[in-house]
Amino acid sequence: MGMKVVFVGPPGAGKGTQAELIVKKYNLLHLSTGDMLRAARDAKTPVGLKAEEYMSAGKLVPDDVIIAIIKERISQPDSDRGFLFDGFPRTVVQAEELDKALAAQGTKLDVVLELQVPEEILFTRLAARGRADDKPEVIRQRLVSYREQTEPLIGYYQKAGILKSVDGTGTIEEGFARVSAVLDACQES
Ligand code: ADP
């Protein structure tokens, strides 16, 4: 069975960009709840329409919606090859539910990568990107949601002994080299 990796970090830390490179190099499934929600929104499914209200305000989508989407996804047989969660879990409740769902399958997470980037840099990167939720007031709310609801995950995974923090500043190549070093070490152990 392949590695099971969670990627945590504030919006703008470069999770999506690094995730694409990692899944290629380590042959993992890329599971991005942000991408799943945007696809559901564009397809105008009931879940997508509900999620859009939260996304456009920079708020987190309710845990029960996210947990249902993820449980359905990891129950599919292709997740045996290993996966990278990008943008999930985003709350301690989501992390607890993920641990339970994996335990029920007789497995667990191998490593949680935290991508660290100072807030001034995040704001500049997001404002330059121009996605629908990259307007200044929405960016501010997304950073608040991160600090209040997602940052507590760092302590949760630190306690579990699987947290690895990586410097996410500098170029994409520099970030990728740092992240790869952590995953190579994890694969060997
Ligand atoms: P970013 O990391 O740049 O904020 P994402 O694409 O991961 O972007 O997420 C975009 C939006 O989708 C979030 O602001 C939030 O509204 C919603 N979202 C994505 N993943 C989750 C999650 N695990 N829990 C709650 N909301 C989520």
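Listing for the model above:
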| item | result |
| --- | --- |
| Cα-Cα pairs of the chain separated by more than 21 Å (percent) | 49 |
| Sorted largest first, extent of segment 1-105 alpha carbons per principal axis (Å) | 37, 30, 26 |
| Cα pair distances exceeding 14 angstrom across segment 139-179, given as percent | 62 |
| Label-to-label distance, nm, for residues given as D42 and Q141 (7 Å Cα→Cβ offset) | 2.3 |
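Any read-out appearing in this document is the output of simple, stated calculations on the displayed coordinates, not a laboratory observation. None of these values were measured; they are calculated from a predicted model. In this analysis, Cβ positions are derived from the backbone assuming ideal geometry, glycine residues included, and neighbour counts consider all displayed protein chains.
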